[in-house]
1. From the set of residues in region 22-36 that are closer than 12 Å to Leu80 by Cβ and over 11 Å from the mean Cα position of the chain (by Cα), which is surrounded by the fewest Cβ atoms within 10 Å (Cβ to Cβ)?
2. Scan region 33-90 residue by residue and report those that are β-branched (Val, Ile, Thr) and closer than 22 Å to Ala13 by Cβ.
3. Taking region 68-93 as the search range and keeping residues that are in a loop (DSSP other than H, G, I, E, B) and modelled with pLDDT of 95 or more, which one is least open to solvent (accessible area, probe 1.4 Å)?
4. State the number of residues belonging to region 47-59 that are within 15 Å of Pro20 (Cβ to Cβ) and either open to solvent by less than 50 Å² (accessible area, probe 1.4 Å) or of a type in the set (Asp, Glu) (or both).
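The values are calculated or read from the model by the stated rules, or taken from the named source; none is laboratory data. Just so it is clear, the structure is predicted and the values come from calculations on it, not from any experiment. Here Cβ is always computed from backbone atoms with ideal geometry, including for glycine, and neighbour counts include all displayed protein chains. Only protein heavy atoms, including side chains, enter the accessible area calculation; ligands, DNA and RNA are left aside. Shrake-Rupley method; radii C 1.70, N 1.55, O 1.52, S 1.80 Å.
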Amino acid sequence: MVEPWDNVMHAFAERAQLLPRRLAALGLDRDKLARRKPLTVRELVERCTTCESPEQCAWDLREDPANPAWRAYCHNAATLLALADEPEGILET
């Protein structure tokens, strides 16, 4: 028998991986980003944890991370796209 808390913890763990997966899909190095822009990372995490579309986000990341559809519902889209365009060396190497 699966306890209700097991389902909650599993869903929380999956949701916690959405932002790192989106960063990777954009070619952003999450460790460099955390070191160079900690306040931005904090804002990204806050928005992501209150997202109303985690199922859609997970599906998009699983099916086609390059599909721009996520930009329509993601509250972090503008920030993430701006970070991906920055020449500051936060891209994965």
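1. Gly27
2. Listed by number, the residues that qualify are Val41, Val45, Thr49, Thr50.
3. Asn76
4. Qualifying residue count, region 47-59: 5.
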